[in-house]
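This report concerns only the one structure given below.
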Amino acid sequence: MKIKKVDHIGVAVKNISEAARFYTDILGIKMTGTEIVADQKAKVSFLPVDDTNIELLESTEPDGPVAKFIESKGEGIHHIALHVENIEEALEFMKSKGVRLIDQKPRIGARGIRIAFVHPKETRGVLLELCQEE
Ligand code: ZN
């Protein structure tokens, strides 16, 4: 499998517009858009930094995965996303190595791109997202 770059770092926040102020007003990063990802019960915003992004995630439902994360760990880094050249190939490779996956197949995430999550038990506690643009 080939990893191209860190696509984004996901940060779980209680309120995107409040949290974004630090990134936009202090760091001067422009927010490129906000969208609802129904599948993840979350509202997400991207803040690009060079060719990677900070992704802010806010739960849209009290029982959503982001809300549950904040409940147990507080606001903070939620996941790291790696841009892979071929997501199907990467998942097949990981399966062949016995890696525990949350998603056996890619699903559509924010920005309409294909994503899949690897179980955090495999990475010493880091939720890892694989993604492939186009
Ligand atoms: Zn993400």
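FYI, it's all coordinate maths here, none of it is from the lab. Source: prediction; values computed, not measured. Glycine also receives a Cβ, built like all others from the backbone with ideal geometry; neighbour counts cover every protein chain displayed.
Looking at segment 5-54, which trypsin sites (Lys or Arg not before Pro) are in a loop (DSSP not H, G, I, E or B) and have at most 15 other Cβ atoms within 10 Å?
Answer by residue number: LYS14, LYS30.
Could you work out the Rg to Rh ratio of segment 3-132, with Rh taken as the Kirkwood radius (inverse of the mean 1/r over all Cα pairs)?
0.96
Which loop-located GluC sites (Glu not before Pro) does segment 52-86 contain, where loop means any DSSP state but H, G, I, E or B and the Cβ has at most 13 other Cβ atoms within 10 Å?
GLU85
Mean separation of Cα pairs under 8 Å and 6 or more residues apart, divided by the residue count, gives the chain a relative contact order of 26 percent. FRET efficiency for ARG100 and ASP25, Cβ-Cβ distance as r, R0 = 41 Å, nearest 0.05? Efficiency, from the Cβ-Cβ distance: 0.55. Between the helical axis of 87-96 and the longest alpha-carbon principal axis of the chain there is an angle of about 50 degrees. Cross-link pairs exceeding 27 Å between alpha carbons, from the set LYS30/LYS105; LYS68/LYS105; LYS41/LYS73; LYS2/LYS43; LYS4/LYS30: LYS30/LYS105; LYS2/LYS43. Stretching GLU133 away from VAL6 to a fully extended chain increases their span by 44.5 nm, per 0.36 nm per residue minus the current alpha-carbon distance. Along segment 115-123 the Karplus relation, 6.51 cos²θ - 1.76 cosθ + 1.60 evaluated at θ = phi - 60°, assigns HN-Hα couplings of 9, 7, 9, 9, 5, x, 5, 6, 10 Hz to successive residues, with x for each Gly and Pro. Which percent, to the nearest 5, of DSSP beta bridges fully inside the chain are antiparallel? The antiparallel proportion sits near 75 percent.
Fewest neighbouring Cβ atoms within 10 Å first, the residues ARG124, ARG111 line up as ARG124, ARG111.
Extension gain for GLU35-GLU89 works out to 16.6 nm (0.36 nm per residue, less the C-alpha to C-alpha distance).
In the chain, the DSSP-assigned H stretches of four residues or longer account for a calculated mean residue ellipticity at 222 nm of -5000 deg cm²/dmol, using -39500 (n - 2.57) per stretch and the full residue count as denominator.
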